[in-house]
Amino acid sequence: MTGPSSIAMKPSGAKSLVVGVADMLVVKDPGAVIVTHALGSCIGVTIYDPTTHVGGMLHFMLPDSKINTDKADGNPAMFADTGVPMLFKMAYELGATKENLIVCAAGGAEVLADGGHFKIGSRNRTILRKIFWKNNVLLSADDTGGNNSRTLSLFLSDGSITVKSKGKVTSLWSI
């Protein structure tokens, strides 16, 4: 990965590709596994096209880029409203089609001890659903809310998705 909002046009040769906080990656490599850690109030979004083996993952932190347009310009993956459209655009550039995409999400927990004042996890979940509704995108599966951090993995060989939380790995999606 070359930095925030990376796109890989050639097979990576790597088995595990890590997406950091406020980052995204889209690849066309059936041998790759894309992983992101520490999904607390952040949300991880995966997209996968089973016909082209194009897959991607976004790890966004905050719902709305209008709170800091300078940061959004420098790193659109930090925000849902700028990162989600970019994730889809990057997948389309590698040959994915909207009709074939399997879209999943995990995270959006309320993990901060803020007494419920900011509700970042809840706000992230709400904007993600609004973005998808506005663009006629349906979630195939999600594991959002609650109070626990998660690790999200997308296996491009078959599009399966796992979520690890509290030491337990569960299947979120499989064909």
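Count of region 72-90 residues, restricted to those that are buried (at least 24 other Cβ atoms within 10 Å of the Cβ) and in contact with an Asp or Glu (Cβ under 7 Å, 6 or more places away or on another chain), is 2.
So in region 159-175, with the set limited to residues that are surrounded by fewer than 16 Cβ atoms within 10 Å (Cβ to Cβ) and out of contact with any Pro (no Cβ under 8 Å at 6 or more places or on another chain), which one is nearest to I102 (Cα to Cα)? Working first, answer last.
Initial filter on region 159-175 (surrounded by fewer than 16 Cβ atoms within 10 Å (Cβ to Cβ)): 166-171, 174-175.
Filter once more, keeping what is out of contact with any Pro (no Cβ under 8 Å at 6 or more places or on another chain): 166-171, 174.
Details: K166: 26, G167: 26, K168: 23, V169: 20, T170: 18, S171: 14, S174: 10 Å.
Only one residue fits best here, namely S174.
W133 meets each of the listed conditions (1) surrounded by fewer than 16 Cβ atoms within 10 Å (Cβ to Cβ); (2) under 29 Å from P30 (Cβ atoms); (3) modelled with pLDDT of 95 or more apart from (2).
Cβ separations smaller than 8 Å between residues 6+ apart or across chains give the following pairs from region 64-85 residues that are within 14 Å of V21 (Cβ to Cβ) and free of Cβ contacts under 8 Å to residues at least 12 places away in the same chain to residues that are part of a helix (DSSP H, G or I) and not acidic (D, E): K71/S65; K71/M78.
What residue, of R150, R125, is touching a residue at least 24 places away in the same chain (Cβ under 8 Å), of a type in the set (K, R), crowded, with 17+ Cβ neighbours inside 10 Å and farther than 14 Å from P63 by Cβ?
R150
Residue by residue, here is whether (1) small (G, A, S); (2) at pLDDT 95 or above; (3) touching a Ser or Thr at 6+ places or on another chain (Cβ under 7 Å) holds:
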site: M24; (1), (2), (3): no, yes, yes
site: V27; (1), (2), (3): no, yes, yes
site: L39; (1), (2), (3): no, yes, yes
site: T46; (1), (2), (3): no, yes, no
site: T52; (1), (2), (3): no, yes, no
site: H59; (1), (2), (3): no, yes, yes
site: A77; (1), (2), (3): yes, yes, yes
site: N100; (1), (2), (3): no, yes, yes
site: V103; (1), (2), (3): no, yes, yes
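Just one of the numbered conditions (1) more than 23 Å from R129 (Cα to Cα); (2) free of Cβ contacts under 8 Å to residues at least 24 places away in the same chain is not true of H53: (2). Output the number of the condition that A22 fails; it satisfies all remaining conditions of (1) buried (at least 23 other Cβ atoms within 10 Å of the Cβ); (2) of a type outside the set (D, E, K, R); (3) touching a strand residue (DSSP E or B) at 6+ places or on another chain (Cβ under 7 Å). Here A22 clears every test but (1).
The values are calculated or read from the model by the stated rules, or taken from the named source; none is laboratory data. Because the structure is predicted, anything quoted here is derived from the model rather than measured. Glycine gets a Cβ as well: all are built from the backbone with ideal geometry, and neighbour counts include every protein chain shown.
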